[in-house]
Amino acid sequence: MTRFKNWKYPKIEEGKLTKYNWLVKNKENLKLGYKTDIGAFTYINAKEGVIIEDYVQLGSHCSIYSVSTIDDKKGKVVLKKNCKIGSHSLVMPGVTVGENSIVGAFSFVNRDIPKNTLALGIPVKLIRKLSKKDIKKYE
């Protein structure tokens, strides 16, 4: 895939925009996989841990929270290999998005998404299982 041809791990500084215009709080608790694609203006709060595995795509303006001060929820967020999160989506504490899954834009992800699943909505709903034809792999 040409989009990953010259990919390098981004330099991440605490609370500062990367050169791709996304930022991380509590960067010591972020595990960032290989050939990830994180959109501009995405915010990641990794206080309780965030794992973003290889080939994950996050659209622009997403928010990933491992802690929520509104309802005192906290827990590690895991975005499994090759999952895709649409622009303007919000992932809440303790959620795992399964391998190859796709979350539609503007979704509120407050529950786990199984692998190979299409999900979307506010709150997120499981729409259907993805077929092998639906899944694009980048290895």
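None of the figures in this text is laboratory data; all of them are computed from the coordinates on show. The structure displayed is predicted, hence computed values, not measured ones. So basically every Cβ, Gly included, is an ideal-geometry build from the backbone, and we count neighbours across all protein chains shown.
Values as computed for the structure displayed
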item	result
All positions within region 123-139 that are part of a strand (DSSP E or B) and of a type in the set (A, V, I, L, M, F, W, C)	LEU126, ILE127
Strands (runs of 3 or more DSSP E) wholly inside region 16-122 containing at least 3 residues that are within 23 Å of LYS133 (Cα to Cα)	117-120
Boolean, LEU126 is among the hydrophobic types (A, V, I, L, M, F, W, C), under 16 Å from the mean Cα position of the chain (by Cα) and farther than 17 Å from TYR65 by Cα	no
Subset of region 109-136 [within 18 Å of GLY39 (Cβ to Cβ) and surrounded by 17 or more Cβ atoms within 10 Å (Cβ to Cβ)]	VAL109, LEU120
